[in-house]
Amino acid sequence: MIQQGISLARIAGRPIDYRVKVVKNGDHWEFRSMVGRLARPGLFVTNLCKGGTMMSCRHGLRLSLPRISTSAKKAEMRRLTHVCIELLERHFPGIGELGFDYAVDHRGKIWILEVNTRPK
């Protein structure tokens, strides 16, 4: 598979992406967390197990894209998450927990990197 490269927003030259965790509670989905994951200096991967740093979504957005509205960008991530949940539930009934990995590029556009059915 070939994927388009994404120029991630950065903080002090380090790329950052975001993890949004949701859990189904009865018949509705609840947001459990929205966090930024900042790559360790010198790496492009943001995984915490590879030395990445976790921070609040708001703080990550504010530092990486100071000219955008952090509340509007978080709301956009929530809307995108709801749309994706609707589609996923149609094809995979019974899912109850999801972890969305989002990239936000240097222009503020949101990209879905992956969706995990058993997020850690």
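The values are calculated or read from the model by the stated rules, or taken from the named source; none is laboratory data. What you see is a predicted model, and the numbers here were worked out from it, not measured in a lab. Cβ coordinates were reconstructed from backbone atoms using ideal geometry, including for glycine residues, and neighbour counts include every protein chain displayed. For the accessible areas, the whole protein counts, side chains as well, though only heavy atoms, and no ligand, DNA or RNA atoms are used. Shrake-Rupley method; radii C 1.70, N 1.55, O 1.52, S 1.80 Å.
So Gly36 ticks every box in (1) under 23 Å from Gly5 (Cβ atoms); (2) buried (at least 17 other Cβ atoms within 10 Å of the Cβ); (3) in contact (Cβ under 8 Å) with a residue 40 or more places away in the chain but one. Which box is left unticked?
Condition (3) is where Gly36 drops out.
Just wondering, is there one or more residues in segment 77-91 that are free of Cβ contacts under 8 Å to residues at least 12 places away in the same chain and open to solvent by less than 50 Å² (accessible area, probe 1.4 Å)?
No, there is no match, as no residue in segment 77-91 is free of Cβ contacts under 8 Å to residues at least 12 places away in the same chain and open to solvent by less than 50 Å² (accessible area, probe 1.4 Å).
Mind counting the residues in segment 46-74 that are surrounded by fewer than 14 Cβ atoms within 10 Å (Cβ to Cβ) and closer than 17 Å to Arg107 by Cα?
Qualifying residue count for the region: 5.
Could you please let me know if Glu30 is under 17 Å from the mean Cα position of the chain (by Cα), open to solvent by less than 80 Å² (accessible area, probe 1.4 Å) and farther than 25 Å from Gln4 by Cα? Steps first, answer last, please.
Values: under 17 Å from the mean Cα position of the chain (by Cα): yes; open to solvent by less than 80 Å² (accessible area, probe 1.4 Å): yes; farther than 25 Å from Gln4 by Cα: yes.
Judged against the criteria, Glu30 is a match.
What about Val104, is it touching a residue at least 12 places away in the same chain (Cβ under 8 Å), farther than 21 Å from Gln3 by Cβ, open to solvent by less than 40 Å² (accessible area, probe 1.4 Å) and part of a strand (DSSP E or B)? Quick ask: steps written out before the conclusion?
Working: touching a residue at least 12 places away in the same chain (Cβ under 8 Å): yes; farther than 21 Å from Gln3 by Cβ: no; open to solvent by less than 40 Å² (accessible area, probe 1.4 Å): yes; part of a strand (DSSP E or B): yes.
No.
Working only within segment 78-101, note down all residues that are aromatic (Phe, Trp, Tyr) and either within 12 Å of Val20 (Cα to Cα) or in a strand (DSSP E or B) (or both). Break it down into steps so the answer makes sense when it comes.
So the first thing to find is which residues in segment 78-101 are aromatic (Phe, Trp, Tyr), and the list is 92, 100.
Matches in segment 78-101: Phe100 only.
Can you tell me which residue within segment 107-120, out of those that are in a strand (DSSP E or B) and among the β-branched types (Val, Ile, Thr), is least open to solvent (accessible area, probe 1.4 Å)?
Start the filter on segment 107-120 by keeping residues that are in a strand (DSSP E or B), which leaves 110-116.
Among the residues that remain, those that are also among the β-branched types (Val, Ile, Thr) are: 110, 112, 115.
Details: Ile110: 21, Ile112: 75, Val115: 56 Å².
Per the stated criteria, the residue is Ile110.
Any residue that is in a loop (DSSP other than H, G, I, E, B) and among the aromatic types (Phe, Trp, Tyr) - is there at least one of those in segment 22-34?
No, segment 22-34 contains no residue that is in a loop (DSSP other than H, G, I, E, B) and among the aromatic types (Phe, Trp, Tyr).
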